[in-house]
Amino acid sequence: MANHSAVTPLTRRNFLKIVGIGGAVVSTIGIRRTSAQGAAPDPNVKATLTIFDFGDTNAQKVYKNAIARFNKRFPNVTVRDDYSPFPNGWGQYINNLKTRTASGLVPDVIAMAIEGVRATITQGLVLPLDDFIAGDATSKDYLKDVAPALHDALKLDGKTYYLTR
């Protein structure tokens, strides 16, 4: 996992609540949970957030706009966008994620289309979110609005690994 000891961590809920990343499926890998999950996020929080995403030039504009909106509200959060041009298949994108992870470049948030969900779960590239969801009323309410078939597609063995946006 990434070393975030020098910064104040953001919660998964706050990031997902604040940033709208198009229709991408978002998984939060390395953002640590804090005891202040129920509180509104501190606009003065200092942190670094790394996002691993993909797409064409239009998708890149969506990500850049989302990051700009996020930084208006949280100006002290450095968002590093490890953007990858649209991959030559999901195998290449997942191998790139595996290489980065093995090198210690673990992203906090990844964008993943449904085609890559099972591979990233079975290869141990993402962590289950169930403990986080169980302790977070906003996440539970959010999931009530997600179609069960879509939520089930983001699970393996009954554990939730991704949240859709």
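Any residue at all in the range 15-33 that is under 19 Å from ARG165 (Cβ atoms) and at pLDDT 90 or above? No, the conditions are met nowhere in the range 15-33. A single member of VAL79, VAL45 is farther than 20 Å from SER103 by Cα and modelled with pLDDT of 50 or more, and it is VAL45. Checked against (1) modelled with pLDDT of 85 or more; (2) in contact with a Leu (Cβ under 7 Å, 6 or more places away or on another chain), LEU10 meets all criteria but (1).
Only one of these is of a type outside the set (A, V, I, L, M) and either within 16 Å of the chain's Cα centre (by Cα) or at pLDDT below 90 (or both): ASN95, ASN71. Name it. Explain how you work it out, then say what you get.
Numbers: ASN71 fails: either within 16 Å of the chain's Cα centre (by Cα) or at pLDDT below 90 (or both).
Result: ASN95 is the single residue among ASN95, ASN71 that is of a type outside the set (A, V, I, L, M) and either within 16 Å of the chain's Cα centre (by Cα) or at pLDDT below 90 (or both).
Among residues of the range 131-158 that are among the acidic types (Asp, Glu), those with a beta-carbon under 7 Å from a residue that is assigned to a helix (DSSP H, G or I) and surrounded by 11 or more Cβ atoms within 10 Å (Cβ to Cβ) at least six positions away or on a different chain give the pairs ASP136/ARG13. Count of the range 69-80 residues, restricted to those that are outside any loop (DSSP other than H, G, I, E, B) and either in contact with a Ser or Thr (Cβ under 6 Å, 6 or more places away or on another chain) or buried (at least 16 other Cβ atoms within 10 Å of the Cβ) (or both), is 5.
Evaluate the following for THR99: is it hydroxyl-bearing (Ser, Thr, Tyr) and within 27 Å of PRO41 (Cα to Cα)?
Working: hydroxyl-bearing (Ser, Thr, Tyr): yes; within 27 Å of PRO41 (Cα to Cα): no.
No: the conditions fail for THR99.
Taking every residue in the range 75-94 that is under 28 Å from ALA47 (Cβ atoms) and without any contact (Cβ under 8 Å) to a residue 60 or more places away in the chain and pairing it with any residue that is outside any helix (DSSP H, G or I) and among the charged types (D, E, K, R), at least 6 positions away or on another chain, the pairs with Cβ-Cβ distances below 6 Å are ASN76/LYS46; TYR83/ASP53. Among the residues making up the range 97-130, a single one is in contact with a strand residue (DSSP E or B) (Cβ under 6 Å, 6 or more places away or on another chain), surrounded by fewer than 18 Cβ atoms within 10 Å (Cβ to Cβ) and not in a loop (DSSP other than H, G, I, E, B): ASP130. Checked across the range 54-68, the condition of being surrounded by 11 or more Cβ atoms within 10 Å (Cβ to Cβ), touching a strand residue (DSSP E or B) at 6+ places or on another chain (Cβ under 6 Å), modelled with pLDDT under 95 and in a strand (DSSP E or B) holds for at least one residue.
Taking the range 131-147 as the range and being part of a helix (DSSP H, G or I), at pLDDT 90 or above and over 18 Å from the mean Cα position of the chain (by Cα) as the test, only LYS144 passes.
The values are calculated or read from the model by the stated rules, or taken from the named source; none is laboratory data. All values derive from a computational prediction rather than experimental measurement. FYI the Cβ positions are ideal-geometry reconstructions off the backbone, even for glycines, and counts take in every protein chain you see.
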